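These notes are about the structure you will find just below.
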Amino acid sequence: MRGSPSQHERRTDPDDQGDGGTPAADTNDGPRNPGDGGFPSGPDGIPVLGNTFQFTDDPHAFYDELAGYGDVVGYSVARQRMATVLHPDLVEQVLVTDSDRYGKWDLSDFGQQFASDGLLFTEGAQWREQRTQAQPAFQLDRIRSYGDAMAGYARELVEDLDDGEVFAANGRFSELTLRILVDSLFDLDVDGSEAGETITHGAQALNERAGPRGVSTFVPTWVPTPSNRRYNRAMAEFEDTVDDLIAERRAAEDGDHDDLLAMLMQAGDDGEGMSDKELRDTMLTFLFAGHETTSLALTYTTYLLAEHPDVADRLHREVDAAVDGDRPGTFDVFGLEYLDRVCTESMRLYPPAYVVFREAREDVELGGYELPADTKLTLPQFRIHRDERWYDDPGEFRPDRWTDEFEDSLPEYAYFPFGGGPRHCIGMRFAMLELKLVLATLVRDCRFEHVGDEPPEPRMAATYQPEEDVRLRVTKR
Ligand code: HEM
């Protein structure tokens, strides 16, 4: 149906799973190593440091090793007791069924402080209140109103790319998604104002710190290294700018804006709204959670299209048939089934948020094991999405695997790029619309060729960023 969320959006949206399909029992094998009431076994580490070195040295190899132990694996990193969960049914138990027995990781355990009063990290009643206030800003009819800006900025990028030009997809898409986000959040043009520039600068500093070449996550922000000083300065300027914007709008009782900040401020008009710090931390959270994730989805999808010309050809045909003129609109892209499958398959292979983190708030039972309170859990999409128990030829890019029949036979949490349960991604519909509008705008005019022989090597930074630039050559159609 035109304008309705796609099948996989329904799968990942607990608010809307009316007809999402039930997992078929025949493919839903149980966990491989049901427990006997103790802590799960896993690789031995060095006393005191546990498995810290194995983990930081080569996390992908470490996860390969973990998978050899079964579907619930215990170990320790940086003195923290850890468990990794590799079975969809147990992921569902943590994120959905028993969600109130688990919380987010406490970053201060690692000496980090980031937007502690923003939606991503708050807990309990404070989180519930904030989520209720922010939810209307992300409903489909609101999200659609950002479609013009998304398609408009994408069109500018297409016009900016010269025929034959080689460009770093990750860099260009990062600029694009930031531009779209700053416009949607603050009604600001990145180049057009000092505030826009400061916010951009803050988002970039955050990204740099969280990216593959950033400082280790284990170096607290208060250690006065040069990069920490730069980061702290950029964050302080960002915070001042957002505080000023909020103060100006409150003083002017300015109802002219149609952005997410205005929506959040209106949600508090009855006097029960967010404090200025909560507002500021929530805006920072949106910038952090919504910028690089969407940029990576675009980067890996265009890379995959470049490597699979047959898929790109089919997508061109679908988009050409649906779109009049040079700029696809919001309603054009909702009905495009092949585009939907391409995006779904791309985020299966390269989930931009590659692990969901949880911490047991009390002693819990999981898969027959006993996990003591404070155990930190990782639920790795990047592994579960490539498990051959659920996917044939899991390493292959095959958008056509996503038939309704296949989706119905798949365990619900064998695919969860946007998380699940009450804390699933609030920006999912925003991100999916952006992804589809930008891709449709790009493929309308461009073909891509990958420059280089090696596939991207994603690194486990704050998001699944490629170690090296993903370089593409553009040919104008
Ligand atoms: C392809 C793009 C995106 C991906 C893959 C993604 C992925 C995720 C995932 C996996 C979670 C769950 C984290 C957890 O349970 O611990 C999450 C939460 C969140 N995301 Fe996204 N996200 C994307 C885009 C966005 C956008 C565009 C925004 C905002 C504009 C956003 C805002 C948030 C927020 C605020 C949360 C926390 C929600 C809560 O805890 O209630 N995300 N995202």
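The values are calculated or read from the model by the stated rules, or taken from the named source; none is laboratory data. Just so you know, these numbers come straight off a predicted model, no measurement behind them. Note that we place each Cβ from the backbone using ideal geometry, even for glycine, and neighbour counts take in every protein chain shown. Surface areas here come from the heavy atoms of the whole protein model, side chains and all, with no ligands, DNA or RNA. Shrake-Rupley method; radii C 1.70, N 1.55, O 1.52, S 1.80 Å.
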Can you tell me which condition Leu366 does not meet? The list is (1) open to solvent by less than 30 Å² (accessible area, probe 1.4 Å); (2) within 22 Å of Gly427 (Cα to Cα); (3) touching a residue at least 24 places away in the same chain (Cβ under 8 Å), and all the others hold. (2)
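If you take just the helices (runs of 4 or more DSSP H) that sit entirely in segment 55-172, which of them hold at least 2 residues that are in the same structural domain as Asp469 (by TED's automatic domain parsing), open to solvent by less than 10 Å² (accessible area, probe 1.4 Å) and more than 13 Å from the ligand (Cβ to nearest atom)?
Numbers: elements: 59-67, 88-92, 124-134, 140-144, 147-160.
Result: 147-160.
Given the criterion more than 24 Å from the chain's Cα centre (by Cα) and within 16 Å of the ligand (Cβ to nearest atom), identify the matching residue among Ala267, Ala322.
Working: Ala322 fails: within 16 Å of the ligand (Cβ to nearest atom).
Checking each option against the conditions leaves just Ala267.
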Condition (residue is outside the structural domain of Arg101 (by TED's automatic domain parsing) and more than 13 Å from Leu439 (Cα to Cα)) applied to segment 334-342: is it met by at least one residue? yes
Listed residues Asp392, Asp445; which is touching a residue at least 40 places away in the same chain (Cβ under 8 Å) and surrounded by fewer than 21 Cβ atoms within 10 Å (Cβ to Cβ)? Asp445
With respect to Thr375, is the statement that it is open to solvent by less than 10 Å² (accessible area, probe 1.4 Å) and away from the ligand (no atom under 11 Å from the Cβ) true? yes
From the residues in segment 308-352 that are modelled with pLDDT under 95 and under 30 Å from Leu120 (Cβ atoms), which one is surrounded by the most Cβ atoms within 10 Å (Cβ to Cβ)? Val333
Of the conditions (1) more than 16 Å from the chain's Cα centre (by Cα); (2) farther than 30 Å from Val77 by Cα, Thr344 clears all except one; give me its number. (1)
